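J.: After the C-alpha cells below, expect a handful of questions from me.
No value in this document is a laboratory result; all are computed from the given coordinates. Remember, it's a predicted structure, so these values are computed and weren't measured experimentally. Methodologically, a virtual Cβ is constructed for each residue, glycine included, from the backbone with ideal geometry; neighbour enumeration extends over all protein chains shown.
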Amino acid sequence: MQAYRTLTRRELARYFLTSTGYIIIAAVTFLIGFSFVVLLLKLQQDSTLMPVTELFYITPFFWLILLLAPPVITMRLFALEKFSGTFETLMTTPVSDLQVVLAKFTAALIFYVVMWLPLLGCVLIVRHYTSDPAALDAGALGTTFLGIVLLGCLFISLGCCASALTRSQGVAAMLSLMLSVSLFLLSFLAKELPGTSSWQAQALGFFSLVEQMHDFARGIIDTRPMVLYLSLTAFFLFLTLRAVESRRWK
Amino acid sequence: MRNGLMIQVANLTKRYAGHTAVSNISFTVERGEIVGLLGPNGAGKSTTMRILACFLPGTSGTVRIAGLDVFHQSDEVRRRIGYMPENNPLHLDMRVREYLKFRARLKGLSRKQSRGRGDIVMEQCGITDVSRRIIGQLSKGYRQRVGLADALVNEPELLILDEPTIGLDPNQIRSVRQLIKGLAGNHTVLISTHILPEAEMTCNRMVIMYEGRIMAAGTSENLQRLMSNTNQVIAEIAAPLADLNECWAQTAEIQQFDVSPAEGEYFRCALTARNGLDLRPIVYSLARERGWYLRELTLTRYSLEDIYVHVTRPDEEKEEGA
C-alpha cells in the first residue's frame, strides 16, 4: 500500500514538475472556453429545453478533448520509464507489477479529473448570471461528470496499455489515439447499418459512446454503459499488467 | 547469518529469442566480498546482474541471494539488494533529497527512516551539498553518486553495480572507486566492468566472462598461477640481430621468441619458455658463453590484462583461422 501511494504521488507530481501538465491543462481550458462561447451564443438565441450540460456536450469541442487528452496524459507512463531505463530501477524495488500499473492509472485519472475542472468554472458562471436556478440542475451536472470520468477510465486504461507496449512515447500516443478514435467511430457505424434490428447493429449499439455520453449529459444514468466502461477498463488494465510482466517471459 | 554465502548461482542459463546470453554459469560470492564481473561488451555481465536483481528470470538454473530464491522469493530478495543498472538511470526532474526519499519509501522504509537514511547516504556519497539541486542539472560524477546513494539507501546486504564508473573522468573514477572500497565489510558488492585496472584495484576476487560463459574465476594471484605455465622472460642484449635469432631458434627450451630493437646496440628479446621453465639462468649462461652484454633480465608477471586476453582469446583465434 505504501509503495502504491508513493508511486501515485510521484506520478501525479511528475505532471506538475514538468511543463506537460500545464500545457495539457492550458489546451483543455482553451477548448472548454471555446465551447463556452458557443454555449453562450446558443443561450442568447431561442429558448431551449436542454440542460446547460447537454448544450455543452453537443459542441464539437467536447469529444475533441475527450479523445485527444488521454493519449497525451498516458503516453509517458511506461514508455518514458522504459526509454530512460528507470523502469529497471523501479522494478527491482520490492513493488509488485500490479501496484505499478494501478498507481500509474490512478495518477493519470486524477490528473484527468483535475484537467476537467475548468468546465465546472464555466458552469458556475452560467449559474451566477441566470435568474432561473432550474437552468442548472446539480443532478445533470453530476451525471455529466460521471460520464466524463467513466469514459476517462476507459481511454486512460487504453492509453496505459499502449504505453506499456512500447519504448517510444510517440508510438504510444498514436496507438492509443488510433484505438480510442476507432472505438468512438463505432457509434457512427451502428447508425449507418441498415435495419436497427440486425444483430450487427445491436452489437455495435452497445458501443455507441456518443449516444451513451449524450444520455449522461442529459442527466440519465444507464447502468449498461457503466458496466461496459468499467469492464473495458479492467480488461485494458489487465492487458497492461500482462505487458509489464512480459519481460519475464519474452 | 554474518558468514556464509551471499550469492549462489548454479547452472544459470538465459536465452533470448535467437541467442543465448548466459550459458550454464555457476559461481558463489561470500558475505563481505567485493567481486568483479569482468568481460568484454556483450559477454553476458549485464544479463547476469539483471537476473540477480530480480529484473529478469533465468531460463534455467537457480540463483539464491542470502539463501533466498530470486524467482520464488523475489520480494524478499529485492528488499535485501541495492542495484544500480548500467548508465545509471535517474528521474532527472527531481531534486536529489526528494529522489532519495522517494526511492527509500518505494523500498519499504518508513517516512522517518527514509529521511534519516537519505541524510546518511548523502553524507556517505558526498552529495549533501547538492541535496537541493535538480538531478538533471548535476554533472555526471554527481549523478553517479546519486545512483550509488540510491542503491545504498535501504542498507542492502548485497550491492549490484553495473559499470559504476563508465563515462567518468579519472578523478571521478577515483572517488567512486574509493567509495566502493569503503563499503567492503558491511556490504557484499558485485561490480561489473570491462576496465581491468578498476577490477584489480577494487575487487578481492574476479569472475571473467566471455560469450556467456565463465572463463576464469579467482583472486588476482590465483589467476596469475593460471598463467604460470606460459612464463615469459624479457632480456635486453647487445649482439648482432642474426646471432640472436639463430641462438634462440636453436635453444630447445624456448618455445617462442620475439626480438625488437631497443636503444643503441641493444635488442629487446621476449622469450616464452616451454613447460613453464624459468629461462633466466639459461639466457644468462648463453650470454656469458658468447660474450654478449646483458643489461636486463626479467621474468614478467602477468597483469590481469594478459590473463583477460588469454582467456578471451581462444575464440578469436578460431575466428581468424576460419
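J.: Which lysines, if any, have their Cα less than 28 Å from the Cα of B:LYS14, not counting same-chain residues under 8 positions apart?
T.: Candidates past the 8-residue exclusion: A:LYS82, A:LYS250, B:LYS45, B:LYS107, B:LYS318.
J.: Let me ask something else. Can you tell me the length gained on complete extension of the stretch A:LEU230 to A:ASP46, counting 0.36 nm per residue apart and subtracting the Cα distance? Spell out each step's value before the answer.
T.: Values: separation 184, 0.36 × 184 = 66.24 nm, distance 3.84 nm.
Roughly 62.4 nm would be gained on extension.
J.: So, by mean Cβ neighbours within 10 angstrom, what's the order for A:61-71, B:286-296 with the highest one leading?
T.: My ranking of the peptides, most packed first, is A:61-71, B:286-296.
J.: Could you give the size of the charge dipole of the protein assembly as shown about its Cα centre, using +1 on the Cβ of each K and R and -1 on the Cβ of each D and E, expressed in debye and rounded to the nearest 20?
T.: The calculation lands at about 1860 debye.
J.: Got a sec? How would B:HIS187, A:HIS214, B:HIS72 order by Cβ neighbour count within 10 Å, fewest to most?
T.: The fewest-first ordering by Cβ neighbours comes to B:HIS72, A:HIS214, B:HIS187.
J.: Jot down the per residue volume, in cubic angstrom and as a whole number, of the convex hull over the alpha-carbon atoms of the protein assembly as shown.
T.: Cα-based convex hull of the protein assembly as shown, divided per residue, equals 221 Å³.
J.: What is the mean number of Cβ atoms from other protein chains located within 10 Å of the Cβ atom of each residue in peptide A:95-105, rounded to a whole number? Intermediate values should be presented prior to the final figure.
T.: Working: counts 5, 2, 0, 0, 1, 0, 0, 0, 0, 0, 0.
Per residue, the average neighbour count from other chains is 1.
J.: Another question about this same structure. Counting other Cβ atoms within 10 Å, which GluC sites (Glu not before Pro) in the range B:95-187 have at most 13 and lie in a DSSP loop?
T.: Passing both the DSSP loop test and the Cβ count: no residue.
J.: Same structure, new question: Quick check: the angle from helix B:111-124's long axis to the longest principal axis of chain B, C-alpha only, nearest 10 degrees?
T.: 30 degrees
J.: How many partner chain Cβ atoms sit within 10 Å of a residue's Cβ in peptide A:147-157, on average, as a whole number?
T.: 0
J.: Divide by every residue of the protein assembly as shown the summed helix terms, -39500 (n - 2.57) for each DSSP H run of at least 4, and state the resulting mean residue ellipticity at 222 nm, rounded to the nearest 500 deg cm²/dmol.
T.: One gets -18000 deg cm²/dmol as the mean residue ellipticity at 222 nm.
J.: Membrane-span-like helices in chain A: DSSP H runs reaching 15 Å or more (Cα, own axis), mean Kyte hydropathy at least 0.0?
T.: Counting only whole DSSP H runs, the qualifying helices are A:19-44, A:61-74, A:97-129, A:138-165, A:169-192, A:223-245.
J.: I've got another one for you. Which ordering of A:THR106, B:THR62 is given by a fewest-first count of other beta-carbon atoms within 10 Å? Mind showing how you got there, number by number?
T.: Working: A:THR106 18, B:THR62 15.
So the ranking, lowest neighbour count to highest, is B:THR62, A:THR106.
J.: Roughly what % of DSSP beta bridges within chain B run antiparallel, to the nearest 5?
T.: 70 percent
J.: Out of all Cα-Cα pairs in chain A, roughly what percent, to the nearest whole number, are more than 23 Å apart?
T.: Percent of Cα pairs beyond 23 Å in chain A: 54.
J.: On to the next question. Averaged across the residues of B:70-78, what count of C-beta atoms belonging to other chains lies within 10 Å of each residue's C-beta?
T.: Mean number of neighbouring Cβ atoms from other chains: 2.
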